[in-house]
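Peer 1: First the structure, which I've put down as structure tokens, then a few questions once you've had a look.
The values are calculated or read from the model by the stated rules, or taken from the named source; none is laboratory data. Computed from a prediction, not measured in an experiment: that's the story for all the values here. Cβ placement follows ideal geometry from the backbone for every residue including glycine, while neighbour counts extend to all protein chains displayed. Keep in mind that these areas ignore ligands, DNA and RNA; they rest on the heavy atoms of the full protein, side chains included. Shrake-Rupley method; radii C 1.70, N 1.55, O 1.52, S 1.80 Å.
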Amino acid sequence: MKLYQKVLAYSTLITGLSGLFGSRAEAQEGHTAEVPVVRRTVSQTTGDFDNDGNLDLVVATTYNDSRSRRGRFGDLYFLKGDGTGKFYEADLIDEVQGASKNLVLASGYINNDKNLDLIVIATDFGSKKAKMHSYLGKGDGSFKHDRVIGEIEDGDKDIAVSFDDVDNDLDLDLIVTAANHSSKKARVYVFFRDGEDFKLKDN
């Protein structure tokens, strides 16, 4: 086969595949934003994190590559909303080490400064414990890692987290549900708000 015939055949093949699977532009139609480096789980929470009256988005993704210099970690991204249902390009908030298996989050008020904060729960491969991190919002879409506020024993499977006032004291408490692989049951943990701390009370 001559060169021009090879080029023609290759062009015909690409055109056919494009028609079958759709072009990149068509595949992205309907998406308002993209988040880089997604390898495993994705979780999200919404809120007005920059206090401009528009709903924003914080997305958590996990990454696990022992061959990479970065290794095993999770990323938190802030996506600014424009009030029309679209979000701007993702800005990296922080890289969470030890979060290659699970990284889930919830938003609420921790220090009552009228800026939304984050609770981030991270689990690494090889560990059955999940660490709970607090991130304090600055009111402009950025966050500062505060501290590790506790651990969950059953962190080797799926985890869900949310804020709510479960004891009607006007403070947001933390509810965590974690699947236990050994018992094949999910346990619900309630961490009651005490100032800027959350305390797990025995039932």
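Peer 1: Suppose we filter the range 56-68 for residues that are open to solvent by 40 Å² or more (accessible area, probe 1.4 Å) and modelled with pLDDT of 90 or more; how many remain?
Peer 2: Within the range 56-68, residues that are open to solvent by 40 Å² or more (accessible area, probe 1.4 Å) and modelled with pLDDT of 90 or more number 0.
Peer 1: Within the range 158-203, how many residues are at pLDDT 85 or above, in a loop (DSSP other than H, G, I, E, B), within 20 Å of Leu116 (Cα to Cα) and in contact with an Asp or Glu (Cβ under 9 Å, 6 or more places away or on another chain)?
Peer 2: Adding up the residues that qualify gives 4.
Peer 1: Which is out of contact with any Phe, Trp or Tyr (no Cβ under 8 Å at 6 or more places or on another chain), farther than 20 Å from Val58 by Cα, exposed (fewer than 15 other Cβ atoms within 10 Å of the Cβ) and not β-branched (Val, Ile, Thr), of Glu89, Glu153?
Peer 2: Glu153
Peer 1: Kindly indicate the residue of the range 112-123 that is in contact with a strand residue (DSSP E or B) (Cβ under 9 Å, 6 or more places away or on another chain) and under 22 Å from Asn54 (Cα atoms) and also surrounded by the fewest Cβ atoms within 10 Å (Cβ to Cβ) among those meeting that condition.
Peer 2: Asp113
Peer 1: Could you identify the single residue in Gly83, Gly71, Gly108 that is modelled with pLDDT of 90 or more, open to solvent by less than 30 Å² (accessible area, probe 1.4 Å), more than 14 Å from Ser142 (Cα to Cα) and over 14 Å from the mean Cα position of the chain (by Cα)?
Peer 2: Being modelled with pLDDT of 90 or more, open to solvent by less than 30 Å² (accessible area, probe 1.4 Å), more than 14 Å from Ser142 (Cα to Cα) and over 14 Å from the mean Cα position of the chain (by Cα) holds for just one of Gly83, Gly71, Gly108, which is Gly108.
Peer 1: Out of Ser134, Ser127, report the one residue that is closer than 29 Å to Lys199 by Cβ, of a type in the set (Gly, Ala, Ser) and outside any strand (DSSP E or B).
Peer 2: Selected residue: Ser127, the only one of Ser134, Ser127 that is closer than 29 Å to Lys199 by Cβ, of a type in the set (Gly, Ala, Ser) and outside any strand (DSSP E or B).
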